[in-house]
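First comes the structure, then the notes that go with it.
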Amino acid sequence: MKKSTKVLIAVFIVAAVALYISIYGVPGVKSMFEKTEVLEYGDLPVLDEVEVCIVRDETLYRSSSAGTIEYLIDEGAKVRGGVNLLRVTGGAPPEVAETATPSSVGEEDEAAALARVSATAGEGAAVTPDNVSPFTAMVSYFADGYEKIFAPAAIETMTKASVSAVPADCVSLRRIYAGQGEPIYKLTDNNLWYMVYWIDAASFKEDDPKASAADRDGYAVGKSVRVNLGSTEISAVIQSYTPEGSDMKVVLRSDMYYRDMQKYRKVIAEVVFAEHRGLIVDEANVIVRDGAPGVFVKQINGEFKWTRVQYVKDSNGRHTVSVGTFSDEEGKLVRTVKYYDEILVDPAAQGYS
């Protein structure tokens, strides 16, 4: 082979390699540093994340005498009427070491916490001389003094302002010694209890009774919902919703027991109205162009191409979207995303617009 021919072949190979790298290599290398995710089929729950105030039919009891406490029933146990719950036997209070301090700076000590619960309860706390359960109930050694203030009969008069300053956690009443008149235990009827919360009226969605079942993913009196309380999930029924200023006050009722329900007054919860299945896209991964939403889909050459999407269902910054194609406002067919497309995560933060 002539030397000139070899040179020409070598030049051709170098040029071909350079062209390949410019077309596939450089974008491919760049895409290695882009943060992406793969679009997949999944569940999109339609929900409101709220702080619920728990309302129960419960009574706080004070000790009729001072003395050492002997507990006979465990925390959270359900007992029948006539059962002995604890004994308080006479005697001097135990000596407290001079070095005893709260476990952290600024933490409320036991005496102050008990005094606060007692002051909040006021005349709403009962006194029983024998510490016997007068009815079938759940026994608890946690209280906050709001047992009769936030009772089922008071739900209609509860306001967002009256609930906002209330502590979320109850105070532990378990201790070695009780002074006369101090809160000592509470009894709860957990057959039916309530959750009250407020949401912005602007985001409140009421079911359209004429809509199909699949489109009824909002509020309706009597509708069953799931409530995720973090440690557990229960079912509840929407009892009512009424306007309160710029908010909507919502009341749910439930007869389901969940562990440690007696320890808290307020809990962060997810109220789930419906669940839709489909291809899911996060709002953070969407870029709007000319009023239309779209995502950046990775191409075979490693580059990312903006691709329009059509929302089907929305919830808390997530969407189910059409797959393959959809018809736009003018009836034209638009090619859109497919299952397992690789898209940019938060493209705006990665310099895409």
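For region 8-125, which fully contained strands (runs of 3 or more DSSP E) count at least 3 residues that are acidic (Asp, Glu) and modelled with pLDDT of 90 or more?
So the answer is 41-63.
Would you confirm, using the coordinates I've provided, whether Ser133 is in contact with a helix residue (DSSP H, G or I) (Cβ under 7 Å, 6 or more places away or on another chain) and either surrounded by fewer than 22 Cβ atoms within 10 Å (Cβ to Cβ) or not aliphatic (A, V, I, L, M) (or both)?
Criteria not met by Ser133.
Given the conditions (1) exposed (fewer than 14 other Cβ atoms within 10 Å of the Cβ); (2) in contact (Cβ under 8 Å) with a residue 12 or more places away in the chain; (3) among the acidic types (Asp, Glu), report the number of the one that Asp341 does not fulfil.
(1)
Output the number of the condition that Phe150 fails; it satisfies all remaining conditions of (1) within 17 Å of Tyr185 (Cβ to Cβ); (2) surrounded by 21 or more Cβ atoms within 10 Å (Cβ to Cβ); (3) of a type outside the set (Asp, Glu).
Result: Phe150 passes all but (1).
Of everything in region 31-49, what is surrounded by 18 or more Cβ atoms within 10 Å (Cβ to Cβ) and within 30 Å of Thr188 (Cβ to Cβ)? Give them in sequence order.
Leu47, Asp48
Can you tell me which of (1) at pLDDT below 95; (2) of a type in the set (A, V, I, L, M, F, W, C); (3) under 21 Å from Phe142 (Cβ atoms); (4) surrounded by 14 or more Cβ atoms within 10 Å (Cβ to Cβ) is the one Met195 doesn't meet?
In the conditions (1) at pLDDT below 95; (2) of a type in the set (A, V, I, L, M, F, W, C); (3) under 21 Å from Phe142 (Cβ atoms); (4) surrounded by 14 or more Cβ atoms within 10 Å (Cβ to Cβ), Met195 misses (1) alone.
So Lys205 clears everything in (1) in contact (Cβ under 8 Å) with a residue 40 or more places away in the chain; (2) among the charged types (D, E, K, R); (3) within 22 Å of Asp43 (Cβ to Cβ) except one condition, right? Which one?
Of everything listed in (1) in contact (Cβ under 8 Å) with a residue 40 or more places away in the chain; (2) among the charged types (D, E, K, R); (3) within 22 Å of Asp43 (Cβ to Cβ), Lys205 misses just condition (1).
Using the structure shown, decide if Asp169 is under 30 Å from Asn131 (Cα atoms), surrounded by fewer than 14 Cβ atoms within 10 Å (Cβ to Cβ) and under 18 Å from the mean Cα position of the chain (by Cα).
So Asp169 passes the test.
The values are calculated or read from the model by the stated rules, or taken from the named source; none is laboratory data. On a predicted model such as this, the values are computed, not experimentally measured, just so you know. Glycine gets a Cβ as well: all are built from the backbone with ideal geometry, and neighbour counts include every protein chain shown.
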